[in-house]
Amino acid sequence: MFTKLRPVFAEIVGYRLIAGLVFLLLLSFVFQPFQAIEVTFPWRLAFWIGVMALALGVTCVARRLLRRLFAETEFSGRDLVLISLVFVLFVPSLWLMVWLLFSANGLPCPDMLSVTSYGALLSVGLILVRREASKPQSEYAEIPLPRMYKRLPGSFQGRVYRLTVQDHYVDVVTSEGTFTIRSRFTDAIEEMEPLPGHCTHRSHWVVDDAIAGVERKGGKTMLRLKNEELVPVSRKYRPFLEEDGLI
């Protein structure tokens, strides 16, 4: 399934890349990084590319740190901790980049307060994005349940965590226990649509939302699920999990 969709993903990424480049060119053409200091277009372009790269990198690092430090903890201030961590990491990183860029251009480096405003802007943007992402589930109540749920007992009201193949059978591990069905592994995975998930091993498929953290045991990477189970990650599937920011 994932292999069939890779060309679609590649096309979407291509459009995003082109849109991002056009946006950066326009941004560099219109806006100076700091009002009191004028720099030429190439230096403005370098500045805005650096800002975008730092913002994406710092946000990714902050999310991984938060997932690792609080993998088994759920609390209401999680988003606030993430945004604070992004701010703390982003501001000094940006100031160092600005110092290197402006020094190479023979210009005085802006003060920390001017650089801090970019950190505040990024934090506010994250607040808006996280608030949109955390809308009540009732707004998405019309999303159809996976076909797999029809193969579970009629009284089932829980959630599926993972699928594991056993010869000609598949174990469906849920919050209400494990149910075994007769099915090919690929067919069972298709029946989990539209829930997003990943193969972590030739015998295991997990729902993305069921992942609570990442652990290492004996040099092997393991995913800890919200039901406290550990699922192995093989070398074959690790790049796909890393690409989607799950490990």
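Summary of values
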read-out	value
Distance (nanometres) between label positions extended 7 Å along Cα→Cβ at Gln157 and Val22	5.0 nm
FRET efficiency estimate (nearest 0.05) - Cβ-Cβ, Leu56 to Ile181, R0 41 angstrom	0.50
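Any read-out appearing in this document is the output of simple, stated calculations on the displayed coordinates, not a laboratory observation. For clarity, every value in this text was computed on a predicted model and none was experimentally measured. Reconstructed Cβ throughout: ideal geometry from the backbone, glycine too, with neighbour counts over all protein chains shown.
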